[in-house]
Structures are given as C-alpha cells and as structure tokens.
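Peer 1: Supplied in structure tokens, the structure appears directly below.
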Amino acid sequence: MRSDTTQDLLIARIRARARLLARWMERLWAEERSSPDQGLVITASEVERLLEDPVQAAAAELRFRATDPACVALAASVAQADAALAADACWSGLCDAFGLAAAERDFLNLVLAAELDCALQRVIAYLHDDTRKIHPTPWLAARLFDTPPRGPAPMSALLRWRLAAPIEAASAWWPGGGWRADPAVVLSVAAGHWRDPALDDFAQGVTAAAAAALPCLHPRALEQLLAFADPTEIELVGMDGIGRQTLAAQFAAARGLDLLVVDSNALLVAGKTPLELAVPVLRMARQSNAIAYWRDADAVPAAVWTQARALGCIVMRGRRQPGPSGHAIMLDALPTRLRYAAWAHWSTAPAPTIVTTQRLTPAEIQRCARAGNGVDTEAMRVALRRAVPVQSELLTLLPCPYDWDDLVVHADLERQLREFETQVRLRWSVMEEWGFDRLAHLGHGISALFGGPSGTGKTMAAQVLARALGLDLYRVDLAGVINKYVGETEKRLRDVFDACGRAGALLFFDEADALFGSRMQVKEAHDRFANIEIDYLLQRIERFDGVAILATNRKNDLDPAFLRRLRFVVEFLAPRPAERLALWRRALLPEAPSGDVILDDIDWDTLAERLQLTGADIKSAALAAAFLARAEGERIGMRHVLAAAQRELTKHGATMRVRLQEAR
C-alpha cells in the first residue's frame, strides 16, 4: 500500500506521468524516429521528427494515448496520483500560502520529486533524451503536464518566494535550463511541516497563547496598532527592554497569529546579512501563520522592507529611533500602575521601593523580580547593573555604607535631605497620578545642590540618600569631562547624563563649580566656547530625568541661571558643638569588636566645645589617635586625640588653643 505522506505523493505523481511520457517515447523509438541509445549520431528520422508540425505531433501523441491499452491504464494511474496529491493538506497549504498558480505547482512538484528521489534524475535524463540533463527543466514540465513549454515569469510567486531557482544563474525564461528547489522547501516537505535550518540560530516563535498570558503594559499602543486599516510596515520605537517584542506578540495574537522573532544582532554577529535571509524569514512567517518581527532593526537595510512590501507581508520591527517609513508607534516609559502590574506578573512578593522610585522597563522589572524576589535589594541592584550597564569611563561607582543613623547634621539640614528623599520616592505618583507632569515638560528629574565647606558631609549625605533610595551612586570624573577641544566637553556630558538617566542611578558632581561656573563676557574665542558649554550644561541638567546631586564649596561662583533649575539648594555648615559631640562619640568607640576596652577617659565637652573641626576632620583625627595609641601600646587617651587634632588644625592653618593640662 502506498504511503500517504506528502513526499511520497509528490514522487508518485511524477513517476506516473513519467511512465506515460516514456511509453510515447518507446513508440517513437520503435518507429526509429528517435535515438534510444542516445548516441552521438543524429539520424535523419530523428531530425524529421523534431521538425514536424507541433500540432500534428501533439495530435498523434493524443491518438496513441487514447488507443494504446498500456497508455489508457497509465492515464488512470496519473489521474489517481493527481487526485491524491490535490487532496493532501500539507501540499495544498504550501501552494496556497505562497499563491502558486497551477503551472507553478506542477513545476515545483517535478523539481521537489527530483530532489527527494535521486533515482528520478536518471529518469529525467531519459525523458530529455540527453544524459547531461539530469535536472528538471520547464520544457520537461510542459511535456509531463501538457502545458506550453515556457518557464515561470520572472516575477511569479515561485521565484519571488525563492521556492525554486534556475541552476547556475540560468535565465528563468529558458525552457531548457535546469532548476533546483530551495533546501528549506525540500526539508519541509520531507518533514511534513515548515523547517528552515538557516534560521535556527536567528529566529524563534512566540505563540499567540504565550502572548495572551503576558500583561498588556502598553494598552494605548495596542489600540493604535489594531486601528490601522492596512498595516504592512509597523515600527515599535522605544528603549531596549521597554516591551516592543511583547507588544508585537500581543498585536499578532489579537489577529489570531503567532509572532516570528528575528534577532538582527545575531545575524550580524554570524556574518549573515538581513537581506539574504529576508525572504526565508517571510516564508517561515507565512507558513507558520505568523507575523515577522525584526528585533533591533536599526541596522537592517531598507531593501528588506522593500522585499516585504513586494510579497505583501506584514512586517514589524523594533527600533530605538524612528525609521524613514512605516507606521511608527512610540512606546513611553511605564507609569507606576503598570510597573506594579509587571512586578505582580513576575513575583508574588510585595513590590520593592525601586519599582516606585525608578522608571524600570518591563525587562528590568523581570530581572529584578527573578534576582531578589522583592527581598534582596542588593541582588536587584546587581541585576539592574547587568541589565543597563553604565559604560562610561567618566563615572565611578561609589560605595554607600552609611544610613541615616550615621549622618550627623543639624535638624533643619536633615529635614531638607529627607524632603529630597521623599520627592524622589513620590515623584512619579505626583507626576503621573495627579497630572503634575504638565508642569515639568522639559524633564522629570530631581536635582539638588549641596554647598558648604569641605568635610561637612556633602558626599556622605549623597551616599545616605542613594542607599535609602536603593540607587547606585556614580561620581563624575570632572577631569575627564572637561576637554579643550571644541564640542568634546558637551559630547562627554551627554554620555554621562544618558548613561545615568537610563540606569536610574544617582549622579554626583563633586566640585561642581568647575563645570557650572558663571558665564563670562566674551573677549576671545575661548570665552565664547566656554559659555556654550555652560549653556549646554544648563539645558541638559533641566532635561535630565534622573536624580542628580551637585556638591561645591564655592556656591557663589555658580551661574545664577543654574540655581534656578535646581529643586533643592542645601547649605552644609560646619558642625556646631552638639553635632561635634555626636561625631566624636561615633568616631571614638569605647570597645573594639572583640569587646576589649580601647578608650581611656575622654573630655568630650572640651573636644566638642573647643575644637572647631568638621566631620571629616574628626574622622581623620580619631583614626590618627588610634594609630598613636597602638604604637605606644596604650589605650586611646586625651593626649593622643589632642595630638591628632592638632595635625588636622594645622592643615587649615589654625593653631590649637587647648593645652593638655587644661584638657585634663
């Protein structure tokens, strides 16, 4: 019993028709009107046969088929094979998907049968009456299927979809040219489903069911997509991880289709060009009942979309910037409500603070949820660094070991710092839910200036805020930013702001007066370019969507226009006696971690009242006193502390007025 697979049906049909044609050729040989041995000599009778009237020759062949008992039996086999293949769902589905005409279906049948059954190649040479012609030709297809002897038109579906092609770039118009089927078509027919090994490493499918199981994080964009009357080219524009691919899959699912995702970057890494795989991708999408989606399509040439238009396919592409054509849908950052919805999909734990304070993308939320499961904040920060690496040599990641209990400042200053923290935490709920983003059309960032003498806790306060907010703290290398070449400083500043704005980190400018100084009167070309740099910086800090802190000990040198653009201006003053007392007690602990007593009697009031030191000075003095005492093999006493404090005062050009005996 004959197998009913598509492969066997294709071969059986060609074999049946080949037998019928071979029977007629045997008749000609019997009449010595052909050369059964295919020798080198061309006989006169063969020439006479080749030159006879085609109409009369065709009529003679038809009469023979109608009267010859063997031909009548073979014709019945041909009709049975035709009907069996026409009823095959796999074959008809393939032909219908690519819009093949009847003649193209027959010709593809012949070409595939020759590929699937190597024995047919000798039969093809036999039917050509030429041992060199082992590949199917349009001429032979015309003889087998009783159609005019011409090849498919150059723009026919068979050629446009590259299901088969002439061998060695022979013209598709030449009836005698050999053809071969595309390997993917051969493999797909043999497998019973569409398969293209050339795309295994570059394309993957997303089923409609899988897309429907994901939360819809861009409902307005999806409505826009579904409202397009005839979408052929659709661009989803947005930052990496914003959910372009998920939206594309949800759009396809709404149309009852799957999504075929093509990794453009993987193509380039493998040395493949998107253009050479464009048609194979569209073929797979058509056969898989899917829409093709090109991920990271910014580097894909426009010729790919031209091919898609010619084939009448819907093509979606994800880009960071809008392209020159197509329906472009801009994907904005997720509002807080949808960020919570994304977190709830990936984790059952309560959403951490970072989901509120930071405009995470869906990809970042998923990464954080898997890393920390809402509990391990440090693991989430590490996951974010991997998701959005801050790749800039101008930025240094600072540790954040301090919390609010470690920060010793006066009450008014602490109130301002906590208000800064509160605004960072609540900015998106105020902007989005209460609609106050209408007042911040240039940018949604929050920036502060920390002014005051060195050592008063400006950097430490930035570390405390970063830790409390769950943000990474990056310090800007001003020496690397400022460049003597025109335009280079602006370029480096743009890189700094873009890196931190995207990563949601806290950007810290130390000694900000070096960058944000006052504009000067233009007396020479250098002055004009310096003013341009300041103008650019003022505009960029206003458009910055992240969190920035600028520290300076020369606030009066800053441009007044810059201060207007800051949300907070916080003045750090030298600590007063009460704060100095707290700082000394935190710096000089009475016991070591082992429990040993390491501190002698200390006159705390004298240290707080008489020694006007900053927090940094007190920390340095405490450390130096510990070394002095350890070197002498004693506990830390007042003598060691005063000696260390004298060194700190000397750095500032001051002299200690407290005598050791007075301290006692």
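The values are calculated or read from the model by the stated rules, or taken from the named source; none is laboratory data. Only a predicted model underlies this, so the values are computations on that prediction, with no experimental measurement involved. Note that we place each Cβ from the backbone using ideal geometry, even for glycine, and neighbour counts take in every protein chain shown.
Peer 1: Name the single residue that is nearest to ASP88 (Cα to Cα) among those in the range 169-194 being at pLDDT 90 or above and part of a loop (DSSP other than H, G, I, E, B).
Peer 2: Within the range 169-194, the match that is nearest to ASP88 (Cα to Cα) is TRP194.
Peer 1: A follow-up question, please. Residue under question is ALA84, and the condition is that it be in contact with a Ser or Thr (Cβ under 7 Å, 6 or more places away or on another chain) and part of a helix (DSSP H, G or I); does it hold? Can you show your working first?
Peer 2: Values: in contact with a Ser or Thr (Cβ under 7 Å, 6 or more places away or on another chain): no; part of a helix (DSSP H, G or I): yes.
In short, no.
Peer 1: Let me ask something else about it. Looking at the range 403-423, is at least one residue of a type in the set (Val, Ile, Thr), surrounded by fewer than 17 Cβ atoms within 10 Å (Cβ to Cβ), modelled with pLDDT of 90 or more and under 28 Å from ALA616 (Cα atoms)?
Peer 2: Yes: the range 403-423 contains one or more residues that are of a type in the set (Val, Ile, Thr), surrounded by fewer than 17 Cβ atoms within 10 Å (Cβ to Cβ), modelled with pLDDT of 90 or more and under 28 Å from ALA616 (Cα atoms).
Peer 1: Next up: Could you please give the count of residues in the range 279-314 that are modelled with pLDDT under 90 and among the aliphatic types (A, V, I, L, M)?
Peer 2: Of the residues in the range 279-314, 10 are modelled with pLDDT under 90 and among the aliphatic types (A, V, I, L, M).
Peer 1: Among (1) of a type outside the set (Lys, Arg); (2) touching a residue at least 60 places away in the same chain (Cβ under 8 Å); (3) under 21 Å from PRO54 (Cβ atoms); (4) surrounded by 15 or more Cβ atoms within 10 Å (Cβ to Cβ), there is one condition ALA142 misses while meeting the rest; what is its number?
Peer 2: Of everything listed in (1) of a type outside the set (Lys, Arg); (2) touching a residue at least 60 places away in the same chain (Cβ under 8 Å); (3) under 21 Å from PRO54 (Cβ atoms); (4) surrounded by 15 or more Cβ atoms within 10 Å (Cβ to Cβ), ALA142 misses just condition (2).
Peer 1: Based on this model, can you work out whether ALA157 counts as hydrophobic (A, V, I, L, M, F, W, C), in contact (Cβ under 8 Å) with a residue 24 or more places away in the chain and not assigned by TED's automatic domain parsing to the domain that holds ALA290?
Peer 2: Criteria met by ALA157.
Peer 1: If you check ALA103 against the conditions, is it at pLDDT below 95 and of a type in the set (Gly, Ala, Ser)?
Peer 2: Details: at pLDDT below 95: yes; of a type in the set (Gly, Ala, Ser): yes.
Answer is yes for this residue.
Peer 1: Consider ALA22 carefully, then state whether it is at pLDDT 75 or above and either exposed (fewer than 13 other Cβ atoms within 10 Å of the Cβ) or of a type in the set (A, V, I, L, M, F, W, C) (or both).
Peer 2: When the stated conditions are applied, ALA22 passes them.
Peer 1: Taking the range 418-476 on its own, how many of its residues are in a loop (DSSP other than H, G, I, E, B), of a type in the set (Gly, Ala, Ser) and in contact (Cβ under 8 Å) with a residue 60 or more places away in the chain? Reasoning before the result, please.
Peer 2: Narrowing the range 418-476 to residues in a loop (DSSP other than H, G, I, E, B): 434-435, 440-445, 452-457, 470-472.
This time we only want the ones that are of a type in the set (Gly, Ala, Ser), so: 435, 440, 443, 445, 452, 454-455, 457, 470.
Those left that are additionally in contact (Cβ under 8 Å) with a residue 60 or more places away in the chain: 443, 445, 452, 454-455, 457, 470.
Selection size over the range 418-476: 7.
Peer 1: Here is a list of conditions, (1) over 24 Å from SER156 (Cβ atoms); (2) part of a helix (DSSP H, G or I), and LEU236 meets all of them except one; can you say which number that is?
Peer 2: Exception for LEU236: condition (2).
Peer 1: Tell me which of these THR377 doesn't satisfy, since it passes every other one: (1) at pLDDT below 70; (2) closer than 21 Å to GLY243 by Cα.
Peer 2: (2)
Peer 1: Within the range 101-113, which residues are of a type in the set (A, V, I, L, M, F, W, C) and touching a residue at least 60 places away in the same chain (Cβ under 8 Å)?
Peer 2: Residues satisfying the conditions are PHE107, LEU108, LEU110, VAL111, LEU112, ALA113.
Peer 1: So which residues in the range 313-355 are touching a helix residue (DSSP H, G or I) at 6+ places or on another chain (Cβ under 9 Å) and assigned to a helix (DSSP H, G or I)?
Peer 2: The answer is THR336, ARG337, LEU338, ARG339, TYR340, ALA342, TRP343, HIS345, TRP346, THR353, ILE354, VAL355.
Peer 1: Turning to a different aspect of this structure: Taking the range 216-231 on its own, how many of its residues are touching a residue at least 12 places away in the same chain (Cβ under 8 Å) and outside any helix (DSSP H, G or I)?
Peer 2: Start the filter on the range 216-231 by keeping residues that are touching a residue at least 12 places away in the same chain (Cβ under 8 Å), which leaves 216-218, 221-222, 224-226, 228, 231.
With the extra rule that they be outside any helix (DSSP H, G or I), the set shrinks to 216-218, 228, 231.
Selection size over the range 216-231: 5.
Peer 1: Could you check, for the range 206-215, whether at least one of its residues is surrounded by fewer than 17 Cβ atoms within 10 Å (Cβ to Cβ) and assigned to a strand (DSSP E or B)?
Peer 2: no
Peer 1: For the range 401-417, which positions are touching a residue at least 60 places away in the same chain (Cβ under 8 Å) and aliphatic (A, V, I, L, M)?
Peer 2: VAL408, VAL409, LEU413, LEU417, listed by residue number.
Peer 1: On to the next question. Scan the helices (runs of 4 or more DSSP H) fully inside the range 529-639 and keep the ones with 3 or more residues being hydrophobic (A, V, I, L, M, F, W, C) and farther than 18 Å from GLU511 by Cα.
Peer 2: Ranges flagged: 577-587, 604-610, 615-632.
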